[in-house]
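To start, the structure itself, in structure tokens.
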Amino acid sequence: VAEQVGAKVPAEFDKIGPVVADLNTRLGLSGDVLETVASQYLEAGRILGEDVDVRATSAAFSAFKIEGDAVVGAMDSMFQVSQATGLGMNDLAKQVQANAPAMQNLGFSFEETTALVGQLDKAGLESTATLNAMSKGLVNLAKDGEEPQEAFRRVTGEIDALIARGDVAGAIDLASGIFGTRAANQFVGAVQSGTLELDNLVGSLGATEDTILGVGKDTADFAESWQLVKNNALLA
């Protein structure tokens, strides 16, 4: 698989090998899927100027039970959010993984959670604090016997309505009763900025539909082309 990746991706074999091995170990990928995903990791690292951490990203995928072919789409999704927000894929993955249980209970998919983390960071809000508040809010809402996802959307809608009427103090007061005083301002700020547009989290991000491998091909220059020549010469 490493040889097949090296024939198509402009990276040195001593860098390709560990990525292939780690993806096989961490996600159980093999064959064509392993080849594609390894290519994505290497090309994303080249494009973004930062090696993509297999451990951090694979942990995020596993937390949302993403496996096999689905990893290809998940990688492109993270890449698109990173491009749209400026938040690195490694930081994105760590925050997605850390908040996965609560976000899934609130009804958020992997793509929505990734978009939300990126949106919060881009809006200048402390994403960790806001997501922690949402996690704690989940516990408080569950005590009332209401389904977490329904309760969360209801409360967010009520806060949004108060903000729309100009009653920011009332919105903060309502949020304080669920998310705690310290986190209320963060949560209300997220609603005010439009970051918590729950019905269209992914669409509101304004991300492109670029794929990692597509951008990699479009941005390859002479150095990348020469690396491929060298790789194929070594293979021959």
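Between V19, V155, V37, find the one with the highest GNM mean-square fluctuation for the chain; connect C-alpha pairs within less than 10 Å.
V155
Going down the table (K65/K230; K65/K136; K122/K143; K15/K65; K8/K122), which pairs top 29 Å between alpha carbons?
The pairs that break the limit, which is 29 Å between Cα atoms, are K65/K230; K122/K143; K8/K122.
Report the calculated FRET efficiency for S193 and D32 (r = Cβ-Cβ distance, R0 = 25 Å), to the nearest 0.05.
0.05
List the residue ranges in the chain for DSSP H helices whose C-alpha atoms run 15 angstrom or more along the long axis and whose Kyte-Doolittle average is 0.0 or above.
The qualifying helices are 13-27, 31-48, 70-85, 127-143, 168-179, 181-192, 222-235.
Taking square-rooted eigenvalues a ≥ b ≥ c of the alpha carbon gyration tensor, is region 93-229 rounded, prolate or oblate, where a/c under 1.5 means rounded and, failing that, a/b exceeding b/c means prolate?
Prolate is the answer for region 93-229, as a/c is 1.5 or above and a/b outweighs b/c.
With the cut-off at 1.5 for a/c, could you classify region 63-120 from its C-alpha gyration tensor as rounded, prolate or oblate?
oblate
List the trypsin sites (Lys or Arg not before Pro) within region 36-122 that DSSP assigns to loop and that have no more than 10 neighbouring Cβ atoms inside 10 Å.
K65
Just one of [x] 17.5, 53; [y] 17.2, 59; [z] 20.5, 70 is Rg and Dmax of the Cα atoms in Å as worked out from the coordinates here. Which one is it?
Matching the structure shown: [z].
Readers should treat all values here as calculations from the given coordinates under stated rules, not as data from a laboratory. Since this is a predicted model, take the numbers as computed values, not measurements. When we count neighbours, we look across all protein chains shown, and the Cβ atoms used for this are built from the backbone with ideal geometry, even at glycine.
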